[in-house]
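The values are calculated or read from the model by the stated rules, or taken from the named source; none is laboratory data. A quick note: this is a predicted structure, and the numbers were derived from the prediction, not measured. A quick note on method: Cβ atoms are made from the backbone with ideal geometry, for glycine too, and the neighbour counts reach across all protein chains shown. Areas reflect the complete protein model, heavy atoms only, side chains present, ligands, DNA and RNA absent. Shrake-Rupley method; radii C 1.70, N 1.55, O 1.52, S 1.80 Å.
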Amino acid sequence: LVVNALAERYHWRIEPHWIVWLPGLVVGLNVAVQAFSQPGDQVLSCTPVYPPFLTAPKNSGRETLAVPLALNRAERRWEIDFDALERAVTPRTKVFLFCHPHNPVARVWRREELVRLADFCLRHNIVLQSDEIHCDLVLDPSLPHVPTAMLSPEIAARTVTFMAPSKTYNLPGLGTSFAIISDAKLRAQFTKATEGIVAEVTTLGYAA
């Protein structure tokens, strides 16, 4: 069902074994921080953002590196401040928690912005965690959602994509979400970090 939905809606063709089931997005953010960084490392996010993006690093003894979005008054929209990202990044920066589409500024990131962000992560050897649970709520047909991991094989190999039915169908109480991780090494690291601390998705959640 997930494989077919992504192919139909976004022309994104994934393999079933790329899917790692989770009881929620916030769990996924915390697992990602533990899987791809060490205590004392830095985790990037663009602010303002959903609060668990900023607390997940602290929960595991990492440093939250918050880089404010820039307000483009002429275009009347918030944008990624790439110059600020370059100033903020250090050799200790290991993970980027990215919200796409963005909560709360309601930006649907354009392909050119995603390509630039992907290049930033590749150049600095950063693992990109792309929260895409709001993707089905984009209503403007001129701004289709582009899954970050679709940009290129290179960025797919550095990306963990989070999705869920919770926003689309208003089902957060069922505690069902998933990560899509095409790279076997990243998937193994992520799965290892879930062992013993992440609950299984319920049968009702799978059915829904």
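Applying a threshold of 7 Å to beta carbon distances and a minimum spacing of six or more residues, or different chains, the list of pairs starting in the stretch 166-188 at a residue that is within 26 Å of Ser152 (Cβ to Cβ) and ending at one that is assigned to a helix (DSSP H, G or I) and of a type in the set (Ser, Thr, Tyr) reads Ser177/Ser166. Trp21 falls short on exactly one of the conditions (1) open to solvent by 50 Å² or more (accessible area, probe 1.4 Å); (2) more than 14 Å from the chain's Cα centre (by Cα); (3) without any contact (Cβ under 8 Å) to a residue 60 or more places away in the chain, and that condition is (3). Note on the stretch 132-164: residues that are of a type in the set (D, E, K, R) and closer than 19 Å to Pro16 by Cα amount to 2. Hey, could you check the stretch 172-193 for residues that are exposed (fewer than 15 other Cβ atoms within 10 Å of the Cβ) and of a type in the set (A, V, I, L, M) and say which is nearest to Val27 (Cα to Cα)? Ranking the qualifying residues of the stretch 172-193, first place goes to Ala188. All conditions in (1) of a type in the set (A, V, I, L, M); (2) surrounded by 15 or more Cβ atoms within 10 Å (Cβ to Cβ); (3) more than 18 Å from Leu97 (Cα to Cα) hold for Leu1, with the sole exception of (2). Cβ-Cβ distances below 7 Å connect the following pairs, each with a first residue in the stretch 122-151 that is open to solvent by 70 Å² or more (accessible area, probe 1.4 Å), a second residue that is at pLDDT 95 or above, and a separation of six or more residues or different chains: Leu122/Glu154; Leu122/Ile155; Leu122/Arg158. Scanning the stretch 122-169 for residues that are over 19 Å from Phe190 (Cα atoms) and touching a Phe, Trp or Tyr at 6+ places or on another chain (Cβ under 7 Å) returns His145, Pro147, Met150.
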